[in-house]
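The structure under discussion appears below in the form of structure tokens.
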Amino acid sequence: MTADRYSIPQLVADLRRIRAETADEHRLLAAVRPLALRAAEASDLWLEDRMLAPDPEQGFSLFPLSEEPDHTLAVFAFSWLPGRGTPPHDHGTWAVVAGVLGAEKNVFWRRRDDGTRADHADLERVGTKVFERGQVLAMPTGVIHEVRNETDAVTVSLHMYGIHINHTGRSKFDPESRTASPYVSRIEC
Ligand SMILES: [Fe+2]
């Protein structure tokens with residue numbers, strides 16, 4: 001078994017081991033980063049043709065690759081249509097994303113409010129990062145970002161989360177209207 005044949009089951013076994021070994025999120029993220037890279041490099045083991053045609057309504061598609069019975073350690077293939085993306089959002093858990101096909105732009109935001117008003121969020125833009133194959137983005141719980149595919153082709157990335165993102169009560173944000181609302185994504189079968 002070589003590094004470029006690192007499978008999703010191997011990744012999940014390692015995620016379970018890392019989670020059992022450390023409760024510290026930054027240590028966990030540091031340990032998961034190289035594994036996400038290896039699993040992305042072995043995309044021939046999990047990337048299917050159907051994943052290259054994202055949902056035109058949502059602008060992107062999530063394909064579940066693995067999930068524990070309690071919705072933890074969720075792994076997805078994400079694909080994005082050209083010119084499409086997400087609103088600013090949080091995850092309600094840690095997230096690690098590895099580039100697979102094409103370049104994806106991440107815009108990072110920070111809350112200026114204290115989060116005590118349920119539907120209100122005052123965001124300021126704090127940075128951007130474009131990543132592609134061979135690169136990994138690790139986001140601790142609480143990070144707010146949006147993703148844009150500004151290329152002219154479908155992009156794909158491999159995502160893993162501490163908890164399935166439709167089970168964390170996460171939010172999406174509108175910086176213009178300074179509002180926050182529940183964010184649930186459609187998941188492919
Ligand atoms: Fe995200």
Fill in: Stretch gain in nm, segment GLU57-ALA153, where the contour uses 0.36 nm per residue and the Cα spacing is subtracted
32.9 nm
Discussion item. For the stretch 74-135, report the % of Cα-Cα distances exceeding 16 Å.
Written reply: 58
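GLU21 to ASP114: extension gain in nm, 0.36 nm per residue of separation minus the Cα-Cα distance?
Using 0.36 nm per residue and subtracting the Cα-Cα distance, I get 30.2 nm.
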Worksheet item: If contacts are Cα pairs under 8 angstrom and at least 6 residues apart, what is the relative contact order of the chain in percent?
Response: 27
Worksheet item: Taking the Cβ-Cβ separation of HIS71 and ASP44 as r and a Förster radius of 30 Å, what is the calculated FRET efficiency to the nearest 0.05?
Response: 0.60
Fill in: Three-way shape call for the stretch 84-189 based on the alpha-carbon gyration tensor, with the a/c threshold at 1.5
prolate
Worksheet entry | Vicinal HN-Hα couplings computed from phi for the stretch 74-84 (Karplus, 6.51 cos²θ - 1.76 cosθ + 1.60; Hz; Gly/Pro x) | 8, 10, 9, 8, 10, 10, 10, 6, x, x, 10
Fill in: Cβ-based net charge around GLU104, under 14 Å, with every Lys or Arg adding one and every Asp or Glu removing one
+1
Item to complete: Compute the acute angle (0 to 90°) between the alpha-carbon long axis of helix 8-21 and the principal axis of greatest extent of the alpha-carbon atoms of the chain; round to the nearest 10°.
Response: 70
Item to complete: Taking the Cβ of each residue in GLU25, GLU146 as the centre, tally the other Cβ atoms inside 10 Å and list the residues starting with the fewest.
Response: GLU25, GLU146
Worksheet entry | FRET efficiency, ARG5 to SER181 (Cβ-Cβ, R0 30 Å, nearest 0.05) | 0.10
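Throughout, read-outs are computed from the coordinates displayed, never taken from laboratory work. In this text, all values refer to a predicted model and were calculated from it rather than measured experimentally. Cβ atoms come from the backbone with ideal geometry, glycine included; neighbour counts cover every protein chain shown.
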